[in-house]
1. Determine the sum of side-chain charges near Asp75: Lys and Arg each +1, Asp and Glu each -1, restricted to other residues whose C-beta is under 13 angstrom from that of Asp75.
2. Please name whichever of Pro208, Leu175, Gln65 sits farthest to the positive end of the charge dipole of the chain, dipole taken about the Cα centre and charges placed at Cβ: Lys and Arg +1, Asp and Glu -1.
3. Can you work out the base-10 log of I(q)/I(0) for region 69-129 at q = 0.12, 0.23 1/Å, using the Debye formula on its C-alpha atoms alone?
4. Just to confirm a number: summing +1 for Lys and Arg and -1 for Asp and Glu over residues other than Ala7 whose beta-carbon lies under 12 angstrom from that of Ala7, what do you get?
5. For region 179-227, state which trypsin sites (Lys or Arg not before Pro) are in a DSSP loop and have at most 15 other beta carbons lying within 10 Å of their beta carbon.
6. Say each of Ser161 and Thr197 gets a label point 7 Å from the Cα, pointing the same way as Cα to Cβ; how far apart are those two points in nm?
7. Which value at 222 nm does the chain reach when only helices count, each DSSP H run of 4 or more adding -39,500 (n - 2.57), with the total divided by all residues and rounded to the nearest 500 deg cm²/dmol?
8. Tell me the carbon and sulfur percent of the accessible area for the chain, rounded to whole percent, probe radius 1.4 Å.
Amino acid sequence: MAVIAIAPCSKLPDYEESVRRAGGAPRVLHYATDSPADVVRGVGGLLLAGGNDVLPSIYGEAAHQTFEAAEAGRDEYELELVRRARDADLPVFAICRGIQLLNVAHGGTLIQDIPSQLTGALEHRLAVPPHQPFDLAHEIWIEKDSRLAKVLGERLEGSDSCEVNSRHHQALKTLGEGLVTTATAPDGVIEAVEDPTRRFWLGVQWHPENFWRTGEFRSLFEAFITAARR
Ligand code: MN
């Protein structure tokens, strides 16, 4: 069975359940005892989960007043995991903070606060009761011929858009080297990227893991875990 590494974060259960439902075995990492080198040698794939903001100094900016740091040590730990996963061509699936971390790992930068820094932006931080994280927030437009379009094929039913949930105040600004945009919101916010030259290297800005009960985005986890089995 494909073992999927996940760095600890505050909302683990939905990530773990999404991996299980797609046929994988989640393994939650511990900074102190799981060195990134050992992790990348010992698992089939790396899942980068949601969380607070990546430290702006890592991509060369001063912190915006809304900056909220992630768990101590998490940025450096996950960046090291991504570097090693890239060297090993290990499949990576990155979600919300994960897509932002992935972009920074490729040398990209972030919009630090959408509401105050992007004129005309949609509401990307939909206020939802905690038991309804799957409420849909906005549409995304998906690049045809992308891996994302192929994986979501059945759900798209021939169209090139779908509705997603949205709980982020940051977004990708300049893209990191090797990444291409594969979905955007109608206001231009980047909602998905991938590196098409890699086995599976895909990031999304929404939260597909919240949908494990109903399965709208199960195909994303299934494609990731299929890649992680090889
Ligand atoms: Mn969004």
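The values are calculated or read from the model by the stated rules, or taken from the named source; none is laboratory data. Predicted model, so just to flag it, every value in this text is computed and none were measured. Here the Cβ positions follow ideal geometry from the backbone for every residue, glycine too, while neighbour counts run over all protein chains shown. Note: areas computed on protein heavy atoms with side chains; ligands, DNA, RNA excluded. Shrake-Rupley method; radii C 1.70, N 1.55, O 1.52, S 1.80 Å.
1. On the way: positive: Arg74, Arg83, Arg97; negative: Asp53, Glu68, Glu71, Glu76, Glu78, Glu80.
Net charge in that neighbourhood comes out at -3.
2. With unit charges placed on the Cβ atoms, the residue in question is Pro208.
3. At q = 0.12, 0.23 Å⁻¹ the computed log10 ratios are -0.40, -1.03.
4. Around Ala7, the charge tally is -3.
5. Values: sites: Arg198, Arg199, Arg213, Arg218; in loops: Arg198, Arg199, Arg213.
Answer in residue order: Arg199, Arg213.
6. 3.3 nm
7. -8000 deg cm²/dmol
8. Details: 4970 of 10000 Å².
Whole-percent figure for carbon plus sulfur exposure: 50.
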